[in-house]
Amino acid sequence: KAGVTQTPRYLIKTRGQQVTLSCSPISGHRSVSWYQQTPGQGLQFLFEYFSETQRNKGNFPGRFSGRQFSNSRSEMNVSTLELGDSALYLCASSPGSRSGAYEQYFGPGTRLTVT
Amino acid sequence: EDQVTQSPEALRLQEGESSSLNCSYTVSGLRGLFWYRQDPGKGPEFLFTLYSAGEEKEKERLKATLTKKESFLHITAPKPEDSATYLCAVGSSASKIIFGSGTRLSIRP
């Protein structure tokens, strides 16, 4: 099976712009989660989608949003970018329907740099 | 509040020198405890899932164990290629997965 794919792999944006990141989960996985990883804060949970519905959300401002399509592919959007949004954004898919009970398979990440 | 704490933050070992990494957790209803390995600039790679106290899983030089309050990742006779950051995560009945801050493991040849 193909793994989790994320596009683009690298992105440079200017403060105030917006960005959309894409994630394709492993075939058959309906749960997709997004994380932000920075050296100082570690892995921070953004949100989880299951069957096109957001069922969990982390403590991030409303500038961070996401959605999931009927084929389980997911996108996350960050509007009005700030310098502090520079991070590695990771997408993970999971095989089970019960949140928190199954392992996650991570993509390679999108490295976002905000200047 | 659900919490996951990993120790030590960093560990340097000589090749062949066995040791253990610790993951302590407090969670309202454990749904699963997960170990991952992460290499620099890459996404975490799944290693093990543990569901109940007393459970053990093994893979090559790694062995994960679970008690009601903590999990250990034992590394036996490590090699330089085992150098990575090891992450512990807990799934709770609040339907969330919380990650620890990780242990950076370095194995010297």
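Laboratory data are not the source of any read-out in this text; all were calculated from the coordinates shown. As the structure is a prediction and not an experimental result, all values here were calculated from the model. Cβ: placed from backbone, ideal geometry, glycine included. Neighbour counts: every protein chain shown.
A simple count of charges around residue A:7, restricted to other residues whose Cβ falls under 13 Å of its Cβ and scoring Lys, Arg +1 and Asp, Glu -1, yields +2.
Taking every pair of alpha-carbon atoms in segment B:1-57, give the share separated by more than 16 Å as a whole percent. More than 16 Å apart: 60 percent of the Cα pairs in segment B:1-57. Size descriptors for chain A, from the alpha-carbon set: Rg then Dmax equal 13.3, 39 Å. Of all the options A:22, A:97, A:72, the one that moves most in a Gaussian network model of chain A with Cα springs shorter than 10 angstrom is A:97.
Between A:99, A:79, A:70, the Gaussian network model of chain A with springs among Cα atoms under 10 angstrom shows the greatest mean-square fluctuation at A:70. Dividing the alpha-carbon radius of gyration of the protein assembly as shown by the rule-of-thumb value 2.2 N^0.38 Å gives 1.01. Contact order, relative form, for chain B: 37 percent (alpha carbon pairs under 8 Å, 6 or more residues apart, mean separation divided by residue count). For the segment A:87-95, counting C-beta atoms of other chains within 10 Å of every residue's C-beta and taking the mean gives 2. Among the listed pairs A:57/B:59; A:57/B:69; A:1/B:63; A:57/B:63; A:13/B:96; A:1/B:69, a Cα-Cα separation exceeding 29 Å is found for A:57/B:59; A:57/B:63; A:13/B:96; A:1/B:69. Between A:105, A:49, A:89, the residue with the greatest mean-square fluctuation in the GNM of chain A (Cα pairs under 10 Å linked by springs) is A:105. The orientation-averaged projected area of the convex hull spanned by the Cα atoms of chain B comes to 6.3 nm². The dipole here belongs to segment A:46-115: it is taken about the Cα centre, uses +1 on the Cβ of Lys and Arg and -1 on the Cβ of Asp and Glu, and is about 100 debye.
With the Kirkwood sum run over all distinct C-alpha pairs, segment B:53-109 has a hydrodynamic radius of 12.9 Å. Counted by Cβ distance under 14 Å from residue A:108, the other residues give a net charge of +1, where Lys and Arg count +1 and Asp and Glu count -1.
State the percent of C-alpha pairs, over all pairs in segment A:1-57, separated by a distance greater than 16 angstrom. Of the Cα pairs, 59 percent sit more than 16 Å apart. Near residue B:6, once Lys and Arg are set to +1 and Asp and Glu to -1 for all other residues with Cβ below 12 Å from its Cβ, the sum equals -1.
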